[in-house]
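Undergrad: One structure coming up, written as structure tokens, with questions to follow.
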Amino acid sequence: MIVLHEYPLNMVEHDGFRSFVKSLQPLFRYVSRTTIRRDILKIYENEKTKTMNSMNDNRSRVAITTDLWTSNNQKRGYMVVTAHYIDDSWILRNRIIRFIYVPTPHTAKLKVLMECLIEWSIERKLSTLTLDNRIVNIAMMDQMKEKLRNTSLLMKGKLLHMKCSAHILNLIVQQGLGAIQGAIKTIRESVVFWTGTPKRVEKFEEAKKGLSCSSNKRLVLDCKTRWNSTYLMLTSAITYKDVFSRLIHTEKNYKKEPSERDWLLAKVMCEKLKLFYNYWTSIHGILAIATVLDPRFKMKLIEYYFPKIYVGEYQNEVKRSRMLCYDLVKEYKSNDGKENILEPLFNASGVGGDNDGCVDDLVGFDLYVSSTSNVETYKSELDLYLEEAKLCLGVESLIF
């Protein structure tokens, strides 16, 4: 109960709690906060062991995401490290493997992160490491690659550093939202007022009916640090612009409604934010691979969007993504311990032979045919997959 609801450990010593427990079971044996702490740590160690075994017993690589922030109250830096992996049942798992205080300067994050990876024995199983798009993180990743063995990383570490697209997008959008902070504040205050009590919510619903408003959207309050929640707040509020205007005349405690200019700015901003809210992509190698391996899209989605993103350079980017697929196939095959299916069918001299060392008279002819024919003599599984038609589903199945 204490772990589930994050209650303070000393609640087991509170008179009220003990009185409540006694009323349920007079013979219950009370424990101290020290005992509770010991029991919680024991639970943690058991769960940690199970998670470590789950991560290390399967062949899946582990993707790491990490973030660091400063507590407003304590003015101290904390870092959380989360591991993402696919278990043997092909279920995506994520586990927080470290939550720790990081002393200043924050460059100490590298040391803490390395200690965490080694402790969990995943330093040689990394796929990607996602961090905020900050200069200090770029420098840290260069040092990280030096400490890790390149042979254990995908493409010798070329794909290791993944910049958090959500952080990049948030920086972009917050810059735009800053230009209309006054309008957002006024609308937010109105939303706060009309969602503040059940009675006000009921009165707002009555006003909607009085204006024959058919929308079923609910007013939602945003989290100031999450731009997408601000977008949802504005879109829901704009729908009920006339309702707010009516209520200013019927509720004496509702002192200030958004002005026409506030609504106009909010509407214009929502039109801009809609694009970001509905579609966002950061062209990182691994993300391109994930798209290609989706049978609904394959290379087609990349070939469609890259010209819009890269303009004149899109052909090179499309080629880069395609070649990355082949490079990863080669890497996985070489680590598989099996014969590499992408190796040439003949030896370096171009001449084959039987067990007695006799040259097959038709080998030269076979080589001639293979070199002059427009039809490929061999195609890998990846070639066949990319050439097959993409999986066609109804439009409704593509809406997430």
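Undergrad: Suppose the filter is at pLDDT 80 or above, among the hydroxyl-bearing types (Ser, Thr, Tyr) and within 18 Å of residue 85 (Cα to Cα); does residue 127 pass it?
TA: Yes, satisfied.
Undergrad: Please note which helices (runs of 4 or more DSSP H) are completely contained in the stretch 1-111 and include at least 1 residues that are open to solvent by less than 90 Å² (accessible area, probe 1.4 Å) and without any contact (Cβ under 8 Å) to a residue 24 or more places away in the chain.
TA: Correct list: 15-24, 33-57.
Undergrad: Which residue pairs have Cβ atoms under 7 Å apart, sit 6 or more places apart or on different chains, and have a first residue in the stretch 112-128 that is farther than 15 Å from residue 55 by Cβ and a second that is charged (D, E, K, R)?
TA: 114/147
Undergrad: Restricting the search to the stretch 193-221, which residues are open to solvent by 70 Å² or more (accessible area, probe 1.4 Å), farther than 16 Å from residue 245 by Cβ and either in contact with a strand residue (DSSP E or B) (Cβ under 6 Å, 6 or more places away or on another chain) or not charged (D, E, K, R) (or both)?
TA: 198, 214, 216, 221
Undergrad: Being at pLDDT below 90, in a helix (DSSP H, G or I) and among the polar types (S, T, N, Q) is the filter here; which residues of the stretch 240-283 pass it?
TA: Once the filter is applied, which keeps residues that are at pLDDT below 90, in a helix (DSSP H, G or I) and among the polar types (S, T, N, Q), the stretch 240-283 yields only 278.
Undergrad: On the basis of being closer than 30 Å to residue 329 by Cα, of a type in the set (S, T, N, Q) and open to solvent by less than 10 Å² (accessible area, probe 1.4 Å), does residue 137 make the cut?
TA: So residue 137 passes the test.
Undergrad: Might you let me know whether the stretch 169-192 holds any residue that is free of Cβ contacts under 8 Å to residues at least 12 places away in the same chain, of a type in the set (Ser, Thr, Tyr) and open to solvent by 10 Å² or more (accessible area, probe 1.4 Å)?
TA: Checking the stretch 169-192: not a single residue is free of Cβ contacts under 8 Å to residues at least 12 places away in the same chain, of a type in the set (Ser, Thr, Tyr) and open to solvent by 10 Å² or more (accessible area, probe 1.4 Å).
Undergrad: Out of (1) of a type outside the set (S, T, N, Q); (2) under 30 Å from residue 69 (Cβ atoms); (3) at pLDDT 90 or above; (4) open to solvent by 100 Å² or more (accessible area, probe 1.4 Å), what's the single condition that is false for residue 224?
TA: Here residue 224 clears every test but (3).
The values are calculated or read from the model by the stated rules, or taken from the named source; none is laboratory data. Treat the numbers as computed from the prediction; the structure is a model and nothing was measured. Every residue, glycine as well, gets a Cβ built from its backbone with ideal geometry; the counts of neighbours run over all protein chains shown. Keep in mind that these areas ignore ligands, DNA and RNA; they rest on the heavy atoms of the full protein, side chains included. Shrake-Rupley method; radii C 1.70, N 1.55, O 1.52, S 1.80 Å.
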